[in-house]
Amino acid sequence: MEDPGQLILVLGGVIWVVFWVRVGMKRNGGRLGSIEGSWDDIPLDPPLPRQLPAPFATLEAMLGAPRRVIPDDVDQPDTLVYTGRLAGFAVKAVVRPVGWQPGPMGLEVTVTLPEGLPPGSRVRSRSVLRDTLSRRPAVPLPEPLAEDFIAETATPGLTLWLLNHPPVRRGLLGFTADTLTLTEDTLQVESRFEPDAVVDDAFAVAQVQAAVRLAQALAERHGMRLRQLMGRLPSLQVDPAGEGLSGELEGVPVALDFRDGRVRVSARFGRPLPFELTLLRAERAPPRGSLLKPVAIGNPVLKLYVAAYALKPEAVAHILLDARLTEPALAVLHAYEGAEVSGAAVTIEVEGAPDVVAEEPLRRAVALALAFNQVVRDSARPPHDPASPDPA
């Protein structure tokens, strides 16, 4: 064939015949047969299943009638969405088909938590992929949690304190879900089930109830960190934001703050230390750009473990010679890495659950504040002349 036009017509005809033969074989189970019908009859990709189970009666009684959601994208399945409140928690349960062929259904239960894990933390089933953008370090969990879950957190002390609470541990281990993800504000569980009206309803209800029980256990554990500590320190009161305690201990104004997963305790002096006298651990230094200058420490014991700074070092050096400061200062600055004495207060930062780790550093901070109050007060008095009358 020398005419290019004839060649194009022949090739086009061959392609057309091959196409219709393949369609015919597809419609006849792979066998060559008669080709009938139109373009509209050609089965392309099989559609996602649209059939959804009838609303679950018991779940509907718990959360209210479901809302059927029909997505704009025809490639996405319809879903049934149940929403409501149980035991004070907002709960959402979503039922949707799974896969491209009729078969299992998916159930996703989400509980909104007023207070879950520490900020930025996550506990996930081992089947849930790690977020590659996350910088949270993975921390080992105790058995038997380690077998099924992974914790990612920058505050392992408080996270483990929450998870080791027996009701929380039982709640995590009691799920039959395929995946579980717990964060600072949500608990989400996902599972699959084969369509069966009676069994499905019971399964869905059991998953929702298990999620709510775990939310209750977490709320109970969070509440314990206040109740137990306040029981031992009745003079302290909850701050308005519910993220700390404040009050007086042995006449010293104190405060506890645990809003970001770490516990900070502070004990304020009766009056600020002179010339912004600051004590740090020996290996630390003031922030860059600070106007504070090193203070020569004449106390040989303190000198080993403590570094001192002030605006006028020569005016405060005599304060650190007082032996009454040695023991309480070492009990704070040598014992806690996150401790310092600033011009206004003794502060200590520790990691862990407030009801476990807060009381001891708080009492040590108070003891050091009381010692400084006494030493500074005495050092400000003029020397007493034995020949003069006693001012008292």
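The single residue among Ala65, Ala61, Ala93, Ala54 that is part of a helix (DSSP H, G or I) and of a type in the set (A, V, I, L, M, F, W, C) turns out to be Ala61. Taken over the stretch 326-349, residues that are closer than 19 Å to Pro253 by Cα and aliphatic (A, V, I, L, M) amount to 8. When His384 is tested against (1) under 21 Å from Asp322 (Cα atoms); (2) at pLDDT below 80; (3) within 47 Å of the chain's Cα centre (by Cα), only condition (3) is not met. Just for the stretch 80-125: of the residues that are over 23 Å from Asp148 (Cβ atoms) and basic (Lys, Arg), which one is nearest to the chain's Cα centre (by Cα)? For the stretch 80-125, the residue satisfying everything is Lys92.
Of all residue pairs spaced 6 or more apart or on separate chains, those with beta-carbon atoms under 8 Å, a first member in the stretch 333-351 that is outside the structural domain of Leu158 (by TED's automatic domain parsing) and a second member that is acidic (Asp, Glu) are Leu333/Glu340; Tyr336/Glu349; Gly338/Glu349; Ala339/Glu349; Ser342/Glu276; Gly343/Glu276; Val346/Glu340; Thr347/Glu340. With the stretch 292-381 as the region, which strands (runs of 3 or more DSSP E) entirely inside it contain at least 1 residues that are within 39 Å of the chain's Cα centre (by Cα)? Hits in the stretch 292-381: 306-310, 338-341, 345-351. If you filter the stretch 285-301 down to residues that are over 17 Å from Phe275 (Cα atoms) and touching a helix residue (DSSP H, G or I) at 6+ places or on another chain (Cβ under 6 Å), you find that the one that is surrounded by the most Cβ atoms within 10 Å (Cβ to Cβ) is Asn299. Quick check on Ala353: is it small (Gly, Ala, Ser), modelled with pLDDT of 95 or more and in contact with a helix residue (DSSP H, G or I) (Cβ under 9 Å, 6 or more places away or on another chain)? When the stated conditions are applied, Ala353 does not pass them.
Checked against (1) closer than 15 Å to Val375 by Cα; (2) loosely packed, with under 14 Cβ neighbours inside 10 Å, Pro328 passes all but condition (2).
Out of all the residues in the stretch 163-182, is one or more farther than 23 Å from Leu86 by Cα and of a type outside the set (D, E, K, R)? Yes, the stretch 163-182 has at least one match. When the residues of the stretch 353-366 are filtered to those that are surrounded by fewer than 19 Cβ atoms within 10 Å (Cβ to Cβ) and not basic (Lys, Arg), the one that is farthest from Gly247 (Cα to Cα) is Val356.
Checking each residue in the stretch 161-172 for being at pLDDT below 90 and either in contact with a Leu (Cβ under 9 Å, 6 or more places away or on another chain) or farther than 20 Å from Val139 by Cα (or both) picks out Leu162, Leu163, Asn164, His165. Annotation note: of Glu220, Glu143, Glu184, Glu152, the sole residue that is modelled with pLDDT under 90, outside the structural domain of Ala358 (by TED's automatic domain parsing), within 21 Å of Val128 (Cβ to Cβ) and acidic (Asp, Glu) is Glu143.
The values are calculated or read from the model by the stated rules, or taken from the named source; none is laboratory data. These numbers were taken from a predicted model, which means no experiment stands behind them. Using ideal geometry, Cβ is built from the backbone for each residue, glycine included, and neighbour counts are taken over all protein chains shown.
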